[in-house]
Each structure stands twice: as C-alpha cells, then as structure tokens.
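Worksheet: the structure to be examined is printed underneath.
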Amino acid sequence: MSVGSRAYPEPWEGQLEMARAAVGVVPWVMLAFSAILTVVFYDTHWATGSPRFPLLLCGLAAAWTLGMYTLRPGWRARPLLMGVFVAVLLAIMTVMVTGYSWLGFYTFTGYYYVYRLVGSWRWRIACIGLLACLSGISQGLGFEGPFNPGRALLLAGAILVNVILGCVFAWFNWISHKQGVLRNQLFDELAATNSRLEATLAENTGLHRQLLAQAREAGVLDERQRMAREIHDTLAQGLAGIITQLQAAEEAADDLAERRRHFDTATRLARESLSEARRSVRALRPEPLERARLGEALDGVAQRWSALHGIPAHVTTTGTALALPPEAELALLRTAQEALANVARHAAATRVGLTLSYMADEVVLDVRDDGRGFDPASVRSGEPAYAASLARYWYARDSDIGTPDGDPAADSGHAPSGGFGLVAMRQRIEGVAGTFQVESEPGAGTAISASVPVSAAGAVPVKTVGETE
C-alpha cells in the first residue's frame, strides 16, 4: 500500500490546511461520542454486563491514532508508516462494528484518514469499500429483534447503499484529484513560460539597444555617403567646370569677347553649383527634376552640357513614360550627369548619345560616346586592377581640370586614389534595386548602362513620347 499527499497550488494551501485542521477534530469528537453512548446506554439498550470491552476498543483506537498520527506529524509524509497506521485502524474499526454496531458513529470517520493518507488509488478504493461495508453493517445491525431474512435483506441493502455512495464519492474525489494535478502542471508550465518570457524580454531589450546603435551608425554612414555623392555630383563637377572655363579665359587673353564668355560661363556654373549644394544639404530634388519629368530633365542637362563643351549630345526617349519614385529619377539623372562630365574630361569624343528606354519591366539609361575607349577584357571584373583600369579612363586628373603642379598622379598618367564617380554611380543605381554596367573597347568609345526595375520602382504610366534631340 503506497501512501502520499496531494499537491495544491500555493494560493489554496493556507485555506486547505485550515480545513484539514478543522476536519481532523471530527474523528476525536465521534470517538468520544461513541464512548459516551457505550457508558450511558450499554446496560439499558444494547447489551448486559460490563461495557469494558467496547470502551477498551475505543481507548485502543484513541491510543493508536494519538501515537501514530496526531503526535507524529513528521510521520505523515512516510507512506509505509501511514499504510500500517490505516491498516491497523481499519482492523480496530472492523472489530468495533461487528461486535458493537453503535460504534459505527466513529467508523465512518475512517474516510478522513483514507483520503488523507492513502495515495494509491487501488488501495484507496479497497479501503473505501471496507469502510462502506462497515457503515452498512452498523446501520443494518442497529435494529432490535431476531436476525431473520428480512433483517438480512435490510443489512445487505444498507451495505449496498453505503458501497455505492462510497464509490461515487471516491470517483468524484479521483476526478478532483486529476484536475488538481493538471492545475499544478499548468501552474508549473505557466511559471516556466513566464521565466522564459522574462529572459526573452531581457534579451530583446539588449538586442533593441544594439539595433538602435546599429541603426544610428547606419544612418550616419548613409548620410555621409549621400553627402559624398552629392558633393561629387554638384560641387566637384561644378568646380571642375569653373576651373576649365577660367583656364580657357587665360588662354583667350587677347580676345576680350571670348574671355568674357568664359568668365560668364564660370560665374553661371558657380551659381548653379551653389544652388545645387544648398539643395543637397536640404535633401531636395535637383532643380531639373523639380521643373520637368526625367526625359525632359535629361534633355535640358544634355543641351547645357553640349553648349558648354561644344560636343553634340543627342537624347532619345522611347516607350511609355513612367512616373518613377524620386529616388529612381535622381539616380538616373545623376548617372547621366556624371557620365557626361567624364566624357568631357577624358574621352576626347566628338559626339554623345543618351537613350532613356521605358520597357515593360525596367527603365534603362544608356550613355554612349565615340571617344578613345579602353580594353576592360584584359582583367576580370571585381579585381582591384579592373577598378584601376576604369579609373584611368573615368578619373585621371590632367591639365584639363586644373591638376595642381607636382601632382604625381598627373605626371605618371595613373589614376589618383580615391576616385568616386564610378562608385557613386553604381551605389546610386544599386540603391534603387537597379544594375549598372560599363562597356568599352580601345578606339570604339565607351558605353554605360543603368537600369531600374519597374516592379521595384512602383512606376505609373504617364504618356507616350517620341524621340528628341
């Protein structure tokens, strides 16, 4: 026989202990009541002679309970000792009821000890069945008169009723026990989940701080790159044009009209560069895109560039024009400006063609010139030599853009370190989910291609346009 105690949630433990203490008094009250009945009514109602033996049984039950249970609270958690206690107590009750039926007032309190101390449901049901039989015997034998078939039937009925009631009560008690165990498991799982949640929240707090720091760093880096691109596309190109015009004015010292034209052009470039620099600081769109769509803005840029450098530039727009997001239009416009600036400085071209193609799935800008070109096939894309080869064509500083005297990059014919034009173009286009390519061949000029996907751009059709020059 295994014995144990049921576990209950902590909020109920105090109330449960108070109830157990109150119920624990009932067996003593009923035992005292049975002893009083024996003393008062033994000779007059139930038997003749001395009530010594039933009182001895009551004293034995009291001594056994006192020594094994009441005065030994530490033993209640020891299943083997409590099993012996319950078994001996039931044996004493059996002797009490079979010999003296009125002692059944005490016998039914055995349910308290069974439910309190017997942990195995198999043994608990057996004990409950025995107690139910004892209660039925006590009730059936309590009637006076000879033992006849009618009284036997009454005894059997009393036993049956008590057994049924005891089993039903045990069943509900078992269901309640299972629900209590389930509640305990749920409480334990909830506590474990709360602990994990607290740990996760603490971890998420640390990750949130880390993400905020990384976001700040990324924001600073993005802003630096944006300003670097804007400075390169506005101030650097404007200053290069101003230097070129001032050098041309020095060479035309004898022609006052030509000299004045170069000074006026330099002044206009300075004002435009200042305006673009202010717009860049405020993160505004370039002025050409504020007044016109992308195709018209490219046409205006090409016309001003052609008038400044004396090189024909033709702009062709094909397909159905789309209203692109500002970031995509800005990337394509800056790419065209940078490409034209590099053609003017390094290509020695006689003509330039710009094509803006609105296709079903992408918008493509192509810039082609008939300059001297170079051979990029001699090195593989992605290697440092490839970047240097392109830099020698796109970024080599020479006297045309005012290289300071003594600059070793100019003297050696190699590209200076820190060229940013090609990098800026590629960053701009890839920043709007586009692609950027450069193709060239010695003596056959150079072409760049920048494409922006329509799906990523979220473009909306505007109207169909034709070819312009």
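The values are calculated or read from the model by the stated rules, or taken from the named source; none is laboratory data. The structure presented is a predicted model; accordingly, all values stated were derived computationally and were not measured. Because the Cβ atoms are built from the backbone with ideal geometry, glycine has one as well, and the counts that use them run over all protein chains shown. Keep in mind that these areas ignore ligands, DNA and RNA; they rest on the heavy atoms of the full protein, side chains included. Shrake-Rupley method; radii C 1.70, N 1.55, O 1.52, S 1.80 Å.
All of (1) at pLDDT below 80; (2) among the aliphatic types (A, V, I, L, M); (3) surrounded by 11 or more Cβ atoms within 10 Å (Cβ to Cβ) hold for Val181 with one exception: (1).
Looking across the stretch 106-124 at every residue that is of a type in the set (A, V, I, L, M, F, W, C) and buried (at least 17 other Cβ atoms within 10 Å of the Cβ), the one that is farthest from Ile159 (Cα to Cα) is identified as Leu117.
The set of residues in the stretch 424-446 being in contact with a Gly (Cβ under 8 Å, 6 or more places away or on another chain) and open to solvent by less than 70 Å² (accessible area, probe 1.4 Å) consists of Ser440, Gly443, Ala444, Gly445, Thr446.
Contact annotation: residue pairs with Cβ atoms under 6 Å, 6 or more positions apart or on different chains, pairing a residue in the stretch 430-455 that is at positive phi with a partner that is of a type in the set (A, V, I, L, M), are Ala433/Ala456. State yes or no: is Asp407 touching a Lys or Arg at 6+ places or on another chain (Cβ under 7 Å) and modelled with pLDDT of 90 or more? No.
Which of the residues that make up the stretch 19-41 are outside any helix (DSSP H, G or I) and of a type in the set (Gly, Ala, Ser)? Answer for the stretch 19-41, where residues must be outside any helix (DSSP H, G or I) and of a type in the set (Gly, Ala, Ser): just Gly24. The requirement of being among the hydroxyl-bearing types (Ser, Thr, Tyr) and not in a strand (DSSP E or B) is fulfilled nowhere in the stretch 308-321; no residue meets it. Within the stretch 77-91, restricting attention to residues that are of a type in the set (A, V, I, L, M) and surrounded by 22 or more Cβ atoms within 10 Å (Cβ to Cβ), the residue that is farthest from His177 (Cα to Cα) is Leu89.
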